[in-house]
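J.: Sharing a structure here in structure tokens format.
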Amino acid sequence: MHRILIALDVDSAARALALADMLRGHVGGFKIGSQLFTSEGPPIVRRLVERGDRVFLDLKFHDIPNTVAGAAAAATALGVWMFNVHASGGADMMRAAIDAAREEAARRGRVPLVTAVTVLTSLDQPQLAALGVERSVDGQVESLAVLAREAGLDGVVASPREIRRLRARCGPEFLIVTPGIRGRAAAPAAGTGRPDDQARTLSAREAVDAGASYLVVGRPVTADPDPPAAAARLAAELA
């Protein structure tokens with residue numbers, strides 16, 4: 001259960017809090033991404049933290065080192081359990097993030113986990129090539145993961161397809177946070193009818209067996225008519 005992080009990819013605090021209240025005790029924490037944070041801002045993070053929830057702030061900071069350091073300090077001050085940056089921002093940017101988080105935590109409390117996004121799970125090989133990246137998806141993910149580890153980060157965000165390779169290269173303690181968790185049929189985005197946009201997926205059981213540390217799950221739970229039941233099925237799959 002503690003491995004499962006639910007993506008609160010909704011546009012209102014009311015909906016996010018309702019989902020959190022339904023799922024608290026069934027999952028290990030909640031992810032707040034760009035949609036909810038842009039709609040509701042830092043107060044929604046504080047409300048969940050105040051309720052004792054582990055919050056993964058998924059804003060993928062990617063900017064010059066000084067700017068990312070400021071964002072990392074702000075995330076730490078909010079009390080988040082984990083936040084992420086984009087590994088493609090480079091080693092200096094990633095070091096600035098972890099250093100700022102540690103400095104802020106020295107004044108306020110626990111240091112959050114800092115992870116780096118490698119290659120978005122919506123991208124496949126042709127899309128990566130269109131961006132001018134000549135490496136394979138696997139090669140690009142591995143290269144960025146090694147860069148993140150050398151910069152002192154706690155782990156990376158990577159698709160289920162790359163877990164075994166990363167676990168072998170980066171060791172047993174390096175965190176691998178895995179979105180793109182799907183069952184036999186992925187649910188559309190709640191209320192939109194849009195098809196699934198994840199390109200590199202596995203089931204929860206397959207991802208954990210491959211070595212995932214945490215699973216980020218959104219629509220298969222939040223778009224289900226009974227989110228607690230969907231979370232319970234997922235936990236049973238991992239038991």
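J.: Out of all the residues in segment 1-25, which are part of a loop (DSSP other than H, G, I, E, B) and either in contact with a Phe, Trp or Tyr (Cβ under 9 Å, 6 or more places away or on another chain) or at pLDDT below 95 (or both)?
T.: Residues satisfying the conditions are 1, 2, 3, 8, 11, 25.
J.: Let me ask something additional. Among the residues of segment 23-79 satisfying the criterion of being among the aromatic types (Phe, Trp, Tyr) and closer than 17 Å to residue 153 by Cα, which is surrounded by the fewest Cβ atoms within 10 Å (Cβ to Cβ)?
T.: Filtering first and then ranking leaves 61.
J.: Follow-up. Looking at segment 200-239, which of the residues that are in a loop (DSSP other than H, G, I, E, B) and at pLDDT below 90 is surrounded by the most Cβ atoms within 10 Å (Cβ to Cβ)?
T.: 200
J.: Right, here's the next one. Restricting to segment 93-122, name every residue that is more than 12 Å from residue 69 (Cα to Cα) and among the basic types (Lys, Arg).
T.: If the condition is that a residue be more than 12 Å from residue 69 (Cα to Cα) and among the basic types (Lys, Arg), then 107, 108, 110 are the ones that fit.
J.: Something else now. Within segment 80-93, does at least one residue satisfy the condition of being part of a loop (DSSP other than H, G, I, E, B), more than 19 Å from residue 121 (Cβ to Cβ), of a type in the set (A, V, I, L, M, F, W, C) and touching a Lys or Arg at 6+ places or on another chain (Cβ under 6 Å)?
T.: yes
Residue-wise test of (1) among the β-branched types (Val, Ile, Thr); (2) in contact (Cβ under 8 Å) with a residue 12 or more places away in the chain; (3) surrounded by 20 or more Cβ atoms within 10 Å (Cβ to Cβ).
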position	(1), (2), (3)
81	no, yes, no
106	no, no, no
121	yes, yes, yes
125	no, yes, no
131	no, no, no
151	no, yes, yes
162	no, yes, yes
166	no, yes, yes
179	no, yes, yes
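J.: Looking for whichever is free of Cβ contacts under 8 Å to residues at least 24 places away in the same chain and aromatic (Phe, Trp, Tyr) here; the options are 37, 30. Which one fits?
T.: Testing whether each residue is free of Cβ contacts under 8 Å to residues at least 24 places away in the same chain and aromatic (Phe, Trp, Tyr) leaves just 37.
The values are calculated or read from the model by the stated rules, or taken from the named source; none is laboratory data. This one's a predicted model, so the numbers in the text were calculated from it and none came from an experiment. No Cβ is skipped: glycine too gets one built from the backbone with ideal geometry, and neighbour counts run over all protein chains shown.
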